[in-house]
1. Taking the chain as a Gaussian network, where each spring joins two C-alpha atoms under 10 Å apart, which residue of 56, 73, 48 fluctuates the most?
2. Where is the GNM fluctuation largest for the chain (alpha-carbon springs, 10 angstrom cutoff): 82, 36, 72?
3. For the Cα atoms of the chain, what angle does the longest principal axis make with the long axis of helix 2-20, in degrees from 0 to 90, nearest 10?
4. Only Cα pairs under 8 Å and at least 6 apart count here; give the relative contact order of the stretch 1-71 as a rounded whole percent.
5. Rank 18, 68, 37 by mean-square fluctuation in a GNM of the chain with C-alpha springs under 10 angstrom and give only the top-ranked residue.
6. With angles folded into 0 to 90 degrees, how steeply does helix 39-54 sit against the dominant principal axis of the chain? Use alpha carbons for both and round to 10.
7. If neighbour count is taken as other Cβ atoms inside 10 Å, put 1, 41 in order from fewest to most.
8. So if R0 is 30 Å, what FRET efficiency would residue 36 and residue 96 give, r being the distance between their Cβ atoms, rounded to the nearest 0.05?
């Protein structure tokens with residue numbers, strides 16, 4: 001439960017990225033730029049900060065993918081499914097690298 005409490009602010013930030021950032025698009029081109037570059041870069045940064053402050057946790061990535069699924073099926077349809085493995089790699093890499101650079105309490 002403590003891990004989930006630590007994750008909650010970061011999950012809320014990612015929910016905002018997943019659901020509010022696509023509202024800024026005007027056409028398919030800008031939608032693809034946000035889907036391929038904007039969301040992954042912001043999610044990587046948030047995952048990095050989470051990993052640096054709270055260490056690597058696999059549940060963080062799983063929760064984020066579950067939070068992305070409704071948006072994928074409602075907004076991106078079947079094309080969003082191909083981004084899930086990419087997002088998993090990006091989220092885990094950010095979390096792992098943040099954990100690697102984080103300071104440990106002794």
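Rule-based calculations on the coordinates, nothing more; no lab input. Predicted model, so just to flag it, every value in this text is computed and none were measured. Note that each Cβ is placed from the backbone with ideal geometry, even for glycine, and that neighbours are counted across all protein chains shown.
1. 73
2. 82
3. 20
4. So the answer I get is 46 percent.
5. Highest fluctuation of the listed residues: 37.
6. Tilt of helix 39-54: around 10 degrees.
7. 1, 41
8. Numbers: r = 22 Å, r/R0 = 0.72.
Plugging the Cβ-Cβ distance into 1/(1 + (r/R0)^6) gives 0.85.
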